[in-house]
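Chemist: There's a structure below that I have some questions on.
Just so it is clear, none of the values below were taken in a lab; they were calculated from the coordinates. Quick caveat, the model's predicted, so the values are computed rather than measured. Cβ placement follows ideal geometry from the backbone for every residue including glycine, while neighbour counts extend to all protein chains displayed.
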Amino acid sequence: MHATKTEWLTEFDDDDLDEICEATEQAIEVGIGFDWISPPPRDRLESYWRGVLLVPERELLVGRYNGTVAGTAQMVRPAPNNQAGAHNVILNSFFVAPWARGHGLARDMLDDFEKHARTRGFRQISLDVRETQEGAIALYENAGFVRWGIKPNYALVGGQFIRGFFYTKDIGA
Ligand SMILES: CC(C)(COP(=O)(O)OP(=O)(O)OC[C@H]1O[C@@H](n2cnc3c(N)ncnc32)[C@H](O)[C@@H]1OP(=O)(O)O)[C@@H](O)C(=O)NCCC(=O)NCCS
């Protein structure tokens, strides 16, 4: 029996950091992992992940598959001066490692993300995604995200521009 679990991390134990780095490397190797095109050296990846926990506006959600960290998503809250945008929270850096895909982990993570955003009083979630990420686009649209914009020169990979799709979902009055 396979088990998925989601969890908001405020610190890493040794296994977590190793697993999160491995999952990131695997996601980058099969196509997309944040904005890296090829995996950076392990020490840089570790610094990146340690840094995520230090940024005051960021919170880190991980998805576990049979206990091992297999995916992550980050909640980026508006800066304290952004009073006009205080209703909106950003979802970014969302992926599930290839070996754990197709078991509902991303859907569980998205549900947890939305629940957490509501608990924190946000009324809207925004995100953007490359047009090539068909799985992610299906996931977001099935979850009620609405596409409001397209940016032509969103990502530059292998000398080719890829369009970016911008989505939003209203989650409260
Ligand atoms: C997109 C991604 C997060 C999905 O992870 P996952 O754990 O396999 O997704 P789930 O098993 O929870 O699937 C949930 C839903 O997503 C959609 N979906 C996921 N993968 C899909 C695919 N390859 N094609 C079509 N729909 C897909 C389906 O709507 C699915 O619902 P269903 O089970 O009713 O068909 C994962 O494939 C991934 O990390 N991709 C690369 C990185 C990426 O695109 N990140 C998001 C943009 S930055």
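Chemist: Give me the dipole magnitude in Debye, nearest 20, for segment 58-143 about the Cα centre, with unit charges on the beta carbon: positive for Lys and Arg, negative for Asp and Glu.
Modeler: 300 debye
Chemist: On to the next question. Could you tell me the calculated FRET efficiency between Asp18 and Ser38, based on Cβ-Cβ distance and R0 = 30 angstrom, to the nearest 0.05?
Modeler: Working from the Cβ atoms, E equals 0.90.
Chemist: Taking the Cα centre of the chain as origin, sum charge times position over the Cβ atoms of Lys and Arg (+1) and Asp and Glu (-1), and report the length of that vector in debye to the nearest 20. Spell out each step's value before the answer.
Modeler: Details: 18 positive and 25 negative charges, 174 e Å.
It works out to roughly 840 debye.
Chemist: Semi-axes, largest first, in whole Å: what does sqrt of 5 times each Cα gyration tensor eigenvalue give for the chain?
Modeler: 23, 20, 17
Chemist: Please identify the helices of the chain, taking whole runs of DSSP H, that span at least 30 Å along their own axis as judged from the Cα atoms and have a mean Kyte-Doolittle score of -0.5 or higher.
Modeler: none
Chemist: To the nearest 0.05, how large is the calculated FRET efficiency for Glu141 and Asn82 if R₀ is 25 Å and r is the Cβ-Cβ distance?
Modeler: On the way: r = 27 Å, r/R0 = 1.09.
Step by step, r from the Cβ atoms, then E = 0.35.
Chemist: Which whole-number percent is the relative contact order of the chain (Cα, under 8 Å, 6+ apart)?
Modeler: It comes to 19 percent, rounded to a whole number.
Chemist: Which of Ala143, Met109, Gly85 sits farthest toward the positive end of the charge dipole of the chain, with +1 on the Cβ of Lys and Arg and -1 on the Cβ of Asp and Glu?
Modeler: Value: Gly85.
Chemist: I want to verify a result. In a Gaussian network model of the chain, Cα cutoff 10 Å, which of these has the top mean-square fluctuation: Thr24, Thr132, Thr72?
Modeler: Thr132
Chemist: Hey, another quick one. Once the piece of chain linking Leu53 and Val157 is laid out straight, how much longer is it, given 0.36 nm per residue of separation minus the C-alpha distance between them? Write out the running numbers ahead of the final one.
Modeler: Values: separation 104, 0.36 × 104 = 37.44 nm, distance 2.82 nm.
So the extension gain works out to 34.6 nm.
Chemist: What are the extents of the Cα atoms of segment 1-77 along their three principal axes, listed from largest to smallest and rounded to whole Å?
Modeler: Reported extents, whole Å, longest axis first: 34, 30, 23.
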